[in-house]
Structure formats: structure tokens, C-alpha cells
Amino acid sequence: MYLCGPRHACTCENNTYTGMAMNCEGRGDMRLSEICSDISSKGYASVVLRAGRNNLGNLKALDLKGCENLTELYLNFNQISIIEENTFQDFHQLVTLDISQNLLPVYSGNWNASVLPNTLKTLKLHGCQNILLLNVSLPDFDDQKNLSCLTIDGYPNVLFNFSKITHLSFSGLNFQSYCNLSRIDNNTFSHLRSLKVLNISACGIISITAGAFEHLHGLQVLDLSYNRQLGIKSFANITYGLQFSRIGFLNISFVYNTFGIGTKVTVSDLCYFWNTTVEDLDISGNRIEIIETNALILIPTSLKTIRMDMNKFTFGPYLLQLGCASNLQTAVGSFLNYAFNPIIYTAEHLKDFARHTADTGDNSCPYCNVSFLKERAKSSAQECRYYEPDVYTIYIDSQIPVSMQQIIFNDGNFIYDLDIEFDFKPFDNSIQLMDISGNIFKSFTGYYGPLPRLEIMKMSRCSIKTIGQNTLNYTSLKVLELSHNELGSQMADQYRSNIFNMLPSLQYLDLSSNGITVLFNSTFEMLVSLVHLDVSNNNIERFEIRINTLCNLLALNLSVNSIHTLSTDIQHQLESNEKNNSTFLVDLQDNSLSYDCDNEEFLHWLLKHKNNMFGFDNYKFFISGKNVLNAQEFCDDVGNLAARCKSYTAVIVICCIVLATFISLVTGGVIYKNRWKLRYFMYMSKKRYFGYRRLPDYTVIENYKYDAFISYSEDKIRFIRDEFLPRVETEHVSLCLHQRDFLAGNAISDNIIQAIDSSRKTVVILSNSFLKSKWCMYEFNMARMESIYSRGDSVSLVIVMIEQVPHSAMPLEMVRWIQDNNYIEYSTDNEGNALFWDKLHNVISSV
């Protein structure tokens, strides 16, 4: 599309098939001659010109000079009252002319339609009379040999003698048009033998006789909508005449008062309907509440589509007879239980709610008898049954039409918890699309199926908070729309989020506007056929789902979230999918994309694939603080980011390694140096704060149970038994030996600590084998810690050197202890041996 025309005030568009289309509507100060002169200079073989609402005034031949190649001309709302005789004489390819909403005296009897080109196929003349005429005369279109489509105003008591017209519209819905055909009888359209399409909507029709349409054998489309006084009771008369036509589409929507009482469709209303060829029926806006039992048996087998928006259906036995519409493929029931704006009441023509429709003739129906209904039900589909009218308790499952493919009941103000199991019968049904969006189903945890051919399910705007783990069990489903629900809490629960595991054929999933903050790795991993994923308008900060199984994913809408980056797994999978299929597309608009060194790899990937980023020019990149880069600034600067990040990276890594090594060495040295102290304090803390378990015969520590705990290696057991015990342990001296006095079942370390803690002294029988024993050294160090930190000035550790042990073999702690404290050396000669035992006895007995 581009600017064109005089002073470039119009817009033009070139088309391979229609040439040029020029739109100059509503330019105000533009003359038609200027437009035609500009068109002539372009030299197009065919042109479509829209020049309505320009106040052009009367049409003269010179005004259209240069526009002879027009194929379509629209001059509505131009105050045209006169068209000169030779205005269109050189127009040989004009097929569509719209001169509606002007001041032409079309219905005065003085207007000559011969001024129009005889090439016309479509002519619009409605709204061309600004005063109400008492004597109306329609123009003669005999010279219009090719005219087939006519839009004109509808006046009562006029003979419509348009024998060649195939498409005729009197619709009062057209702006500023007029139609008042209050009563339609058998003669009203009797001369329209070629008619295929008839639009008499909003014509104030009150009654229609039974034979009004019986002469229209070629009629295919009939629009009777918005005749508010007509009512459903006229349906029998309407369909009587349509039995003899080729009717395909019948529109009787809004033929009832908007605020009237509820409507009941009876068997007699549908008396002749079964014998028509209607394929598409619109009964919207008629406040239908109930359908009489067995009325649906009279649904014609030709019916494929029914529209019943804005009605108020209630439950009744008729629901069990839905299967009678055996060939019905599409059922549309949007905005059921709709609450109309009360302001409409003041503007609506009909306000008498209780008013009955005018007499429509003999209401006796030859097809309403029981025998006919039973026979027709029997000969119809297997799912169609006859029920006795006075039976209201029927325990038979309802059947949906076997050919039903589309069920659309959106915005119906249904408020249910879908938490039961419901079987769609027949099981081998044909349902492919189900739209129940705009209702309130907070819980969707039941099972509704089987739906073996379901491909599209729409449940947006349903306030759904919970979906069952096995609810979405539709193996053929390709499109699932769940936007504008409340699934955020369930998606954040790892044990309830895997609700898509039974959708192997799903290609499109919409979860936008669900308050989602968290998505787990496994949430989408079973959607192996997924192509398009939409999680926009949520509050997702980390998008790290596992997509290695999503080999077909090519479209990812993540806009309006809080995402900082995309993982390398997602990047690589999208690239891999692009190689195997077509170009991938990601939308990251209105996110918090981080522009820093930690995100460097993703930023370079983003730049590389910026053509794959939907709306890339609107991306924003956030630096630390409040600084923000736009897309252009990002592209200019991202090349310098690597150098800045590289210089800092080396320094940071080296410093971290050095610091970590230094801290490790210092910490390790301190711990090693104080390892025994730490062990001792750990056990003492355990005892003090956690109730260290005492031995069964434990006494108060200040009284000491033992005079000495003897620590020795196993190879000195003979020395202990044969010499030590007989000489030291007496009635007044009690010794503790690990082989004799340790409590079985306790940890060795616990027994050692308890023995040291319960003894006044700890006597170490030092030998070379003692130094090699782990537990002996443990006893020495624990006794050393006890002597230093718990016994005050008293030395509780006594070392007995039973054999020569070089200092080089001793650990540093033992050497220092021997240097700082006296020890007793064992001797084998008589005098030295006696002195040894005497010293040992005195040390053990001393306080």
C-alpha cells in the first residue's frame, strides 16, 4: 500500500488480478475529475475506485473522464441527486456500482435506470430517499441485462418484478437504509423466479404466510434476522414454502424481543423443517429455553451447522435426542445466558413482552402425529429415539450426533467444577474441535472422553486452577489453548505439574497469562510433536526446561516475563531443530535480559540469531544498576564485551586460586596443630550440652571411681597381669583396665574418655609398640588434654618408661610432655625394681 492520487491524498494497492485499487474515501475537498485524471495517467487496464463520503454532488460526464477502465466504483454518501444521461456511456467493464445513501429519486417513478452502464452485475441503491413516499415506484432494470445482485430499500405494497435478479437485499441493517415489509404474502416475491439469495433482515416483518417462498425454487440463502415481531412461531410457515426450494442457509436469528419471556420450540414449529434442504441454520438471540420432547426428530438430515448464540437453554429430555441430528457437524452456542445491557430496552422498537405473534394461519401439522414421529426416529440414526412426552425420568445416556466435528460453547457463563468422569457417546465420535473458553471451570480434574479425533481444544479465560494428571488424555490433540487461567500454583508444584504427558500429537500449546513463576525440567518433555510454545505474560525468571526431546519446537513465545538468559541446551536444541525443519522464532520482548560477563555466551548467540528474534528492535538489555541498552546499542557494544570480560576473568581466576590455596593451608595447619585439642573439646561439649551417656555404675567425678587408668599396648598384657596388678592394685587402690573394665557395646572412644574422666591418674606404660597403636596414642593425647584443661594445677598423666624408646620415635607432643614433666623408668635389678614400684605406688596414691 502506498500514497497516490491528487496531492497524494489517497492510498493505492496493486493487485495481479484486479489491477490497481485506489481508496479516496472521506477526503472532503477532492473533486472526482482530479481523481480520474490521475487514474488515466497511470494507464492501468482495470481499476477499483472508492470515493465515498466526499460530497461530490451531481455526476456529469466530464467528471468521470479518464475513469473508463474502472471495474468497481463506490460513490456512496456524496449528496448525488442527478446523474447526467451520458455519464457512463464509455464504461464498458464496470461491473460493480455503489451509489447508495445519496439523494437520487430512485423510488419516485421519475428516475431512469438506463443512465447506468449495461455491464453492471452488482448495484447498490439503498438509502437514496430522504423523505417517506406515499406512492412508491421501483425503477425499471430491463436494460441491465447482466444485473444479478441488487441492494435496494424495501417498501410495502410494491410488486418486486426483478425476474433476472439472483441476489436481492432489502436489509434494514444497512446504514440509513429503509425496509418496512410488515406482511409477506404469497404474491410478495412471486415474480423473483431467478432468486438465489434473499436478505430481508430488519424489515419490521410481523407475519409470513405459508406459501410466501414456495415460488422461489432456486432460493439457497434466506436471511430473516432482526425482525423482532416475527417470533419462532412463524417458523412453520417459513419452512413450508422452503420445502420446494434449494435452501441451504436459513437465518432466523433475533426474531424475538431481547427482553421477552423464554421461548419454547414445539413439534409443530418444526413441522415442515424435516422436509427442507437446510444445511446451515442460525437461531441466535431468540431466548429459547426449552425444546419440546421429540421435536428434534424433525431435524432435516441435511443440517450440518447450527448457530444458537445468546439463547437461554435449560435441561430437558430433548438433550437425549441430540443424536437425531445425525449429520450435524458444527454446533455453535456462544454467549448462552448472556446478560443484555438494559439500556438497549429504551432503544428497541418492541417492548410488549406478552404480545402474541400475529396469526400465521392454520397451525395443524400433518407430521406431528405420534406414528410419523416414531417411524421417522426409527428410520433415522441409531442414536435417535422417540420418548413419550409425559415421561420425565429417563435413565439413558445422551448421544451426540455421530458426525459432530465442532462444538463451540464459549462465554456461556457456565460455572462448574469438571471433576467427574463423563463418556461421550458414541465412543467412536468425530469431534475435532471443542471451544468452551470464557466459562468458569476452576477445577478440571475429571475425565471427558473418549475423543479419539479431537485436534483443537480451547479453554482460555476459564479461571482454571487445577488440571488432573490424567485429564488431558487426548492422543490426537494438536492445539491446546489454556491462556488467561490460574495454573501458576500447579505449575510450581513438581508433583502436580506433569499434566501434558498424554499429548503425543500436540503441536501448539498456549499457557500465556497464567501467573506462572516456575517451570520444571520435565513439564514439557513428553510433548515430542510440539512446534509452538507460548508462555508469555507470566512472571518466569528462569526458563531452563528440558527440551532435548522437543525436536520439532520452532516457535517460543517468552515475551513479558522476567527472563535473564536462555541455557545453552535450549540454544543448541533450537539450532538443531532449525536444521531439521524450518527457521526457529523466539520472542523475548519485555524481559530482563542481563548484559554482563556471566551472560556473554548467550548475548553473542542472540546477536548471531537476531533475525530469529521476533520484535528484536524492541529488546532491552539491563546492565548492573539501572542502565538499559536498546537493541541498536546492544549490537554496537556487544563486540567489546568479550575483551572486557577476558581481562577480568584471568585476574579473578588467579586471585581466587591463590586465596583458596592460602586459606586451605592456614586452616589445615591450624587444625592439624590443634587436632587433639579439638577432639577433646568436641567430646567435652558433647558431654556438657547433649547429655553424655554415663556407664551404669558411674559415680560423681569428684570422688573418682578409679585411682588410675592404665594405658598399655596389647603385647604388655603379661607384664600388667603378672607384675603390675599384683603389686599396685590393693584394697585401697582401684585400677581401670580396658580389657577388664570397658563397657561392652559402647564406642571405644567413649569408653576411653569415660575411663580418663573417671580416674584420678592416667598411667601410660610406654613402649615401642605403644607408639604404633592408634588407640594407645589416642589414650595418651586425651589424657594429656584432660591434665592440661580439666585438672587445674594437678598433673594427672604419668608416663612409665618400661623399655628404652628413642625420642626420635616419639611424636612431638610426647617429647614435649616428657621434657616438661617427670616420668618413671622401669628397672630390672633388685634395688631399682623395688624403688620403681615404690615410686609408682606413691604417684598413684597421691591426690
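Rounded to whole numbers, the Karplus 3J(HN,Hα) couplings from phi for the range 493-500 are 9, 4, 8, 10, 8, 8, 9, 10 Hz, using 6.51 cos²θ - 1.76 cosθ + 1.60 with θ = phi - 60°, and x at Gly and Pro. So if R0 is 56 Å, what FRET efficiency would Phe315 and Ala643 give, r being the distance between their Cβ atoms, rounded to the nearest 0.05? The calculated FRET efficiency here is 0.15.
The ranking of Lys839, Lys124, Lys608 by Cβ neighbour count inside 10 Å, starting from the fewest, reads Lys608, Lys839, Lys124.
DSSP beta bridges in the chain, what fraction antiparallel, as a percent rounded to 5? Expressed as a percentage, antiparallel bridges in the chain total about 10.
Which of the three applies to the range 153-276, rounded, prolate or oblate, going by the alpha-carbon gyration tensor with a ≥ b ≥ c and a/c under 1.5 meaning rounded? Oblate.
Across the range 821-829, coupling constants 3J(HN,Hα) worked out from phi with the 6.51/-1.76/1.60 Karplus curve, θ = phi - 60°, read 9, 6, 9, 10, 10, 6, 10, 9, 6 Hz, and Gly and Pro carry x. Each residue, Asp838 and Asn521, gets one label point 7 Å from its Cα in the Cβ direction; the gap between the two is 7.9 nm.
Sorted on the mean count of surrounding Cβ atoms within 10 Å across their residues, most packed first, peptides 94-107, 403-416 read 94-107, 403-416. If R0 equals 22 Å, the separation of the Cβ atoms of Asp636 and Thr568 corresponds to a calculated FRET efficiency of about 0.30. Note: relative contact order over the range 693-845, using C-alpha pairs below 8 Å and six or more positions apart, is 25 percent.
Taking Cα atoms only, the orientation of helix 568-580 departs from the longest principal axis of the chain by about 40 degrees. Classify the range 785-827 as rounded, prolate or oblate from the Cα gyration tensor: take a ≥ b ≥ c as the square roots of its eigenvalues, call it rounded if a/c is under 1.5, otherwise prolate when a/b beats b/c and oblate if not. Since a/c reaches 1.5 but b/c is at least a/b, the shape of the range 785-827 is classed as oblate. In this structure the amide hydrogen of Ala708, modeled in the peptide plane, comes within under 5 Å of the amide hydrogens of Ser734, Cys736, Arg760, Lys761, none closer than 5 places in sequence on its chain. Measuring nothing but how far apart in sequence close Cα pairs (under 8 Å, 6+ apart) lie, relative to its length, the chain scores a relative contact order of 4 percent.
Within the chain, Cys128, Cys149, Cys462, Cys551, Cys635, Cys655, Cys656, Cys736, Cys776 have no other Cys Cβ under 4.7 Å of their Cβ and so lack a disulfide-compatible partner by this rule. The alpha-carbon of Lys442 sits under 14 angstrom from the alpha-carbons of these aspartates and glutamates, leaving out residues fewer than 8 places away in its chain: Asp417, Asp419, Glu486.
Counting only residues at least eight positions apart within a chain, or on another chain, the lysines with an alpha carbon under 16 Å from that of Lys774 are Lys716. Taking each residue as 0.36 nm, the span from Glu578 to Phe340 lengthens on full extension beyond its C-alpha to C-alpha distance by 80.7 nm. Using only side-chain charges placed at the Cβ, +1 for Lys and Arg and -1 for Asp and Glu, the dipole size of the range 166-277 relative to its Cα centre rounds to 40 debye.
Counted over the range 488-643, the DSSP beta bridges are approximately 20% antiparallel. Which entries in Lys579/Lys646; Lys312/Lys425; Lys196/Lys312 show an alpha-carbon gap greater than 27 Å? In this structure, Lys579/Lys646; Lys196/Lys312 lie more than 27 Å apart at Cα. Determine the shape class of the range 468-587: with a ≥ b ≥ c the square roots of the Cα gyration tensor eigenvalues, call it rounded for a/c under 1.5, and otherwise prolate if a/b is greater than b/c, oblate otherwise. Oblate, since a/c reaches 1.5 and b/c is not below a/b.
Farthest toward the positive end of the dipole of the chain, out of Leu62, Ala744, Ser529, is the Cα of Ala744, where the dipole comes from beta carbon charges about the Cα centre. In order along the range 628-640, phi translates into HN-Hα couplings of 10, 9, 7, 4, 5, 5, 4, 5, 6, 9, 4, x, 8 Hz, rounded to whole numbers, per the Karplus curve 6.51 cos²θ - 1.76 cosθ + 1.60 with θ = phi - 60° and x for Gly and Pro. Of all DSSP bridge pairs formed entirely within the range 693-845, close to 5 percent run antiparallel. Relative contact order, whole percent, for the range 448-501 stands at 42, derived from Cα pairs under 8 Å and 6 or more residues apart.
Computed from the C-beta positions of Ser364 and Arg193 and an R0 of 41 Å, the FRET efficiency is 0.85 to the nearest 0.05.
Each reported figure results from applying straightforward, stated rules to the coordinates on display, with no laboratory input. Model, not experiment: these values are computed from the prediction. For neighbour counting, all protein chains shown are included, and Cβ atoms are generated from backbone atoms with ideal geometry for every residue, glycine included.
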